[in-house]
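The values are calculated or read from the model by the stated rules, or taken from the named source; none is laboratory data. Computed from a predicted structure; not experimentally measured. As a convention, Cβ positions derive from the backbone with ideal geometry for all residues, glycine included, and neighbour counts pool all protein chains shown.
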Amino acid sequence: MNFQEMIRSLEGYWAEQGCVLMQPYHTELAAGTMNPATFLRCLGPSPWKTAYVEPVIRPLDGRYGENPYRFQHYFQYQVILKPAPEDVLDRYFASLEAIGIDLQRHDIRLVEDDWEQATLGAWGLGWEVWCDGMEITQWTYFQQLGGFDVELVPAEMTYGLERLGMFLQGKSSAFELEWAPGVTWGDVYRESEREWSAYNFELAPVETLSRRFGEAEEECRQLVERRLPLPAYDQVLKCSHMLNLLDARGALSVTERAAYVGRVRTLAREVARLYLEQEGDGDAAG
Amino acid sequence: MATLLVEIGCEELPARACREAEAQLPMLVERELGARPDRVFVGPRRIAAVLLDVAERTPDEWVKGPPEQLAEKAAAGFAKRHGVEVEALVAREGFLGFERPGRPLAEALPEKADAIVRGFAFSKSMRWDDSGLRFSRPVRWTLVKLDGETVVGASSFGHRFAEGAVEIPVAGEYEERLRSARVEPDAEERRRQIVSGLDAIGGWSDPAGVLEEVVYLVESVTVLEGRFDERFLQLPERVVVTAMQSHQRYFPLGGNRFAFVANGGDPDTVRAGNEGVLAGRLDDASFTFERDVASGIERLAERLGGITFFAGAGSFADKSERLRDLVAKLGGGEASLEAARLAKADQASELVREFPDLEGHIGAEYARLAGYPEAVCAAVDEQYLPDSAGGPLPQTEAGKVLAAADKLDTLSVSFSLGHRPTGSRDPYGSRRAAIGLCRLALEGGLVIPRELMPEDVREFVEERLEGLVDVPVEYVRAARASAAPDLASVGRLAQTLYAERETASFGGVYTAYERADRLAGRAADEAAEQLDHSLLREDAERALAEGLAAVSVDGDVRKALESGAKLAPLVERFFDEVLVMDEDPAVRANRLRLLLDVRDTLGRLGDFSQIPR
């Protein structure tokens, strides 16, 4: 099963489970969780089921395309079931069968892993799902988002698509993954890894980035005042990405970084509060 | 009498939650059912108790109501709340109430089982639906059987993937039914199976102690052995061990072999998968390691100027400079000076970013590869020791000096930036560093001059001595106020003072100190700047001044006490014969000075006012 077939199988399976198949978001995200289809939709009292591929951007993890396990850009498959149905784990395990994992032959394990994302004021309890010792999914019952308790507890399943693909195809390098017949993951992305690593680590302009961070922060505040949580949230995402770039450039000490994280968290909280207010009014946008 | 089973079925519980459940379940069962369970079974998917001989009726119960004298106001409400007639209430020992007759246990069990489920208190808990229940992970079934009667639920469940629902015909067959459904419910038995499987392979180790977690990571034990490519043996051994243990919960077997515990699956498939995962992790580590080695420790050290130690405290290059300075002041030799220069180089390495717990060790390995003398490498390796209150100390002299310098610097810098630990918050590990310094002095025999510490740091560090020197705290407090020049001598002084507390010389010094302090201490403002011998009029005061000049309190503490004790009769005579508060202010000020000099000279042996008589 090549990479795109694997994605199609997941799409097919979760569509049958009643998920809205979304498309990736239009700005840089460090995790599928940050997509408003997860972060905002998981707030408030409305049920929601979605599944989508999310390209995640983590500048610090780039290795110039030289390391077969590390990339500054890779793919997650994100599934949200809100509220989590009672048989949610069984549904998840069935998705593994849908991509050809024989649950009898392999050793599937749920190993405690409590998830927290400081920039979003979010946390939950769950597991790393291991398949023969390999972490293939981050599995979380959200408890708080943007500092607010969730009303309906969602289950979040985040599949690491490269790892899963390497497992299914028996490859020891992501670059060797067959994406489509005759085309590898490396054919598609190796050069991109090299160029972006150079940008992230060497060229991204530190002063411009911190200025842009401030501008996005300010714009977010103004949009919150104008009661537009969705555009305001995009500015939170931009701040978060600026922060990650500054981090990759080695421009932040531990305490400085903590201060930036605190600023993003404050914004995320404001946006979440506004979104919840509007949800409560019954006119939630998006 | 009957056999009772209560089983709580969960989604996979963390190991810590399993241990918490194991500790709490007997008390919860006793609270609800009046007896402790005979068997407790805890694993990742279930918490269960079996009671072998329970009464099939609950005991009669006296339900206590309001005091008799409040009958008019409160009786009706109490009766209504409990669904009885007011007339049925009787008085007992001054209170109204009624006898609730026992009922069949089966009838009471649903609410009792529910109370047990709700009674657990996990250190981390969650909610997953709108039931309001909080638990470590979602509870998905409850099964209560009284002998053959199913009181709550329907069935249990076997191995998650290999088996489905499991019928438990009678409570007493719980264990064996689960075993035939590929679940070993007894944690002790799982531990035994894991250890015997590891023993059968032989040569296993578990330096990080993952066994306790693995016992609760599986319901069905299969111990397997795997291997990795020998080329990864070029990596520092602790990197390999950390990758195996912290990341994968494997047990190193030495060389390129490891053991692990699976919960099921086809052994060859599972082994191949796990070997692949470890190879991936080691390959990743090798990639990083080779890049670091290609740079070399010298080039890594050169990059330290660009890495912040912490905000306001300069870069790691600045830290290295300060370390060299401190090492010199601690009397460190060539090896420790060189080690100080290289100590932080691994902060610039990529491998430490991946394996932060191995800082220091990785630097030492890189220093070895660069051909530095072993004394230098060992010191770099040991710089963070002791890393816990009871952890081992550095073994080498250079290691001790560097470890002390590192702690002195971290404490001084974090205190100067206002990062004192508060309550349970200690983000810079100040307490651990302070205890480490004390232990390096007391147990490691390192001379750590007190003057190397700013006053607030010194106070903080020496407060830790109170818990480490095995004498009543008053003696440590007394010794802390002495002129002892270094940390270890403060500790030794406290011990000597305590050992000598019953001797005549201690008593003499104590009395002289105390009398001088009691009178002059409060009037210190009025004392003269310096003793003026020309103002000494009385024989007794001249005798005291001469005696004081002859006292030597430095050096051996016992001799110092003997010497100081000679002042006791002179102080006594002084108070008998001399009126301190003379009319002439100059004379008065001079006499106060004399007494303060007595106190301060003896005070070099400690603040005796700290020690209760």
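Key figures
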quantity: Restricting the stretch B:276-302 to residues that are more than 12 Å from chain A (Cβ to nearest Cβ) and of a type in the set (Val, Ile, Thr), the residue that is surrounded by the fewest Cβ atoms within 10 Å (Cβ to Cβ); calculated: B:Val293
quantity: Members of the stretch B:249-275 found to be facing chain A (nearest Cβ under 7 Å) and surrounded by fewer than 22 Cβ atoms within 10 Å (Cβ to Cβ), listed by number; calculated: B:Asp266, B:Thr269
quantity: Considering residues of the stretch A:116-135 that are crowded, with 22+ Cβ neighbours inside 10 Å and under 22 Å from A:Pro24 (Cα atoms) only, the residue nearest to the other protein chains (Cβ to nearest Cβ); calculated: A:Ala122
quantity: Residue within the stretch B:14-37 that is under 31 Å from the mean Cα position of the chain (by Cα) and acidic (Asp, Glu) present; calculated: yes
quantity: Residue that is surrounded by the fewest Cβ atoms within 10 Å (Cβ to Cβ) [pool: residues in the stretch A:93-111 that are more than 11 Å from chain B (Cβ to nearest Cβ) and within 18 Å of A:Arg163 (Cα to Cα)]; calculated: A:Gly100
quantity: Test for A:Pro55: is it farther than 17 Å from A:Tyr141 by Cβ, surrounded by fewer than 23 Cβ atoms within 10 Å (Cβ to Cβ) and touching a strand residue (DSSP E or B) at 6+ places or on another chain (Cβ under 6 Å); calculated: yes
quantity: So A:Gly44, is it more than 14 Å from every other protein chain (Cβ to nearest Cβ) and in a loop (DSSP other than H, G, I, E, B); calculated: yes
quantity: Among (1) at pLDDT 95 or above; (2) outside any helix (DSSP H, G or I) - the single one A:Val236 does not satisfy; calculated: (2)
quantity: Every residue from the stretch B:40-73 that is surrounded by 14 or more Cβ atoms within 10 Å (Cβ to Cβ) and in a helix (DSSP H, G or I); calculated: B:Glu68, B:Ala71
quantity: Count of residues meeting criterion [surrounded by 17 or more Cβ atoms within 10 Å (Cβ to Cβ) and touching a residue at least 12 places away in the same chain (Cβ under 8 Å)] in the stretch B:407-428; calculated: 10
quantity: Selected residue (criterion: surrounded by the most Cβ atoms within 10 Å (Cβ to Cβ)) from residues of the stretch A:248-264 that are modelled with pLDDT under 90 and hydroxyl-bearing (Ser, Thr, Tyr); calculated: A:Ser253
quantity: Every pair of residues 6+ apart whose Cβ atoms lie under 7 Å, when the first sits in the stretch A:43-68 and is closer than 26 Å to A:Leu10 by Cα while the second is among the hydroxyl-bearing types (Ser, Thr, Tyr) and assigned to a strand (DSSP E or B); calculated: A:Val53/A:Tyr77; A:Val56/A:Tyr74
quantity: Lone unmet requirement of (1) modelled with pLDDT of 95 or more; (2) surrounded by 14 or more Cβ atoms within 10 Å (Cβ to Cβ) for B:Glu451; calculated: (2)
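To keep it simple, each residue is scored yes or no on (1) touching a Lys or Arg at 6+ places or on another chain (Cβ under 7 Å); (2) at pLDDT 95 or above; (3) more than 14 Å from every other protein chain (Cβ to nearest Cβ); (4) more than 20 Å from B:Thr396 (Cα to Cα).
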residue	(1), (2), (3), (4)
B:Leu304	yes, no, no, yes
B:Phe309	yes, no, no, yes
B:Gly314	no, no, no, yes
B:Leu323	no, yes, yes, no
B:Leu326	no, yes, yes, no
B:Leu330	no, yes, yes, no
B:Ala335	no, yes, yes, no
B:Ala339	no, yes, yes, no
B:Ala343	no, yes, yes, no
